[in-house]
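Enquirer: Take a look at this one; I'll ask things after.
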Amino acid sequence: MVPVGGEDDDIAMVLAARDGDRDAFGVLYERYGRMVHGVLLARVPRGQVEDLVQDVFLAALRQLGSLREPARFGGWLAIIARNRATDYHRRARETVELPEDLAGAVHDQEQEALAVLATLRALPEAYRETLVLRLVEGMTGPEIAARTGMTEGSVRVNLHRGTKLLKEKLGVASDHV
């Protein structure tokens with residue numbers, strides 16, 4: 001796991017990447033990849049997430065020169081990811097979607113995980129995204145804040161309220177999660 005890194009280090013990596021340093025952009029990819037994955041997983045079918053993560057980083061690389069405040073890289077990247085998810089859904093409405101698993105029956109555990117993910121996706125956006133970043137991507141509250149540009153207080157509130165709402169929707173007693 002790549003350490004979160006300080007804000008100054010992220011700024012230095014953004015500036016170096018903007019100047020063409022591919023290794024610096026690779027470091028940013030390692031630091032922010034899980035966040036982008038989680039943002040997308042909260043919005044699109046899981047089978048599409050990996051390709052869209054790549055699309056997000058390619059778009060970010062192309063648009064890096066337009067980023068005015070390097071300190072806001074994480075929030076800017078999250079916006080690109082959200083926009084890619086919106087674009088995906090626009091295109092999906094225009095085409096016929098096939099079931100994700102044409103190969104046959106899905107294992108019981110996977111079905112349960114998919115049901116929980118579907119319930120997560122039905123939550124309000126602020127809760128959905130922070131919960132996916134925490135529960136699926138394994139990010140800590142401070143990591144989520146650092147990567148998305150949210151305040152730690154907002155992340156805590158979203159995680160608390162989102163967890164409570166998720167438990168209600170899943171019918172889980174408070175002492176089980």
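Enquirer: Show me, for the range 112-128, the HN-Hα J-couplings you get by feeding each phi into the Karplus relation (A = 6.51, B = -1.76, C = 1.60, θ = phi - 60°), rounded to Hz, glycine and proline as x.
Expert: 5, 4, 5, 5, 5, 4, 4, 5, 4, 5, 7, 6, x, 3, 4, 6, 4
Enquirer: Now a separate question. Between the DSSP loop rule and a limit of at most 16 other Cβ atoms within 10 Å, which trypsin sites (Lys or Arg not before Pro) in the range 33-93 are left?
Expert: Filter output for the range 33-93: Arg68.
Enquirer: Give me the one-decimal nm value for the distance between modelled label points at Glu7 and Ala118, 7 Å along each residue's Cα-to-Cβ direction.
Expert: 4.2 nm
Enquirer: Zone of Leu15 (label point 7 Å along Cα→Cβ, backbone N under 19 Å): which residues in the range 35-69?
Expert: Of the residues in the range 35-69, 64-69 have backbone N under 19 Å from the label point off Leu15.
Enquirer: Averaged per residue, what accessible area in Å² does the range 113-168 show with a 1.4 Å probe, protein chains only?
Expert: About 48 Å² of surface per residue is accessible.
The values are calculated or read from the model by the stated rules, or taken from the named source; none is laboratory data. These figures come from a predicted structure and were not determined experimentally. Cβ sites come from the backbone with ideal geometry, for glycine too, and all protein chains shown count toward neighbours. Only protein heavy atoms, including side chains, enter the accessible area calculation; ligands, DNA and RNA are left aside. Shrake-Rupley method; radii C 1.70, N 1.55, O 1.52, S 1.80 Å.
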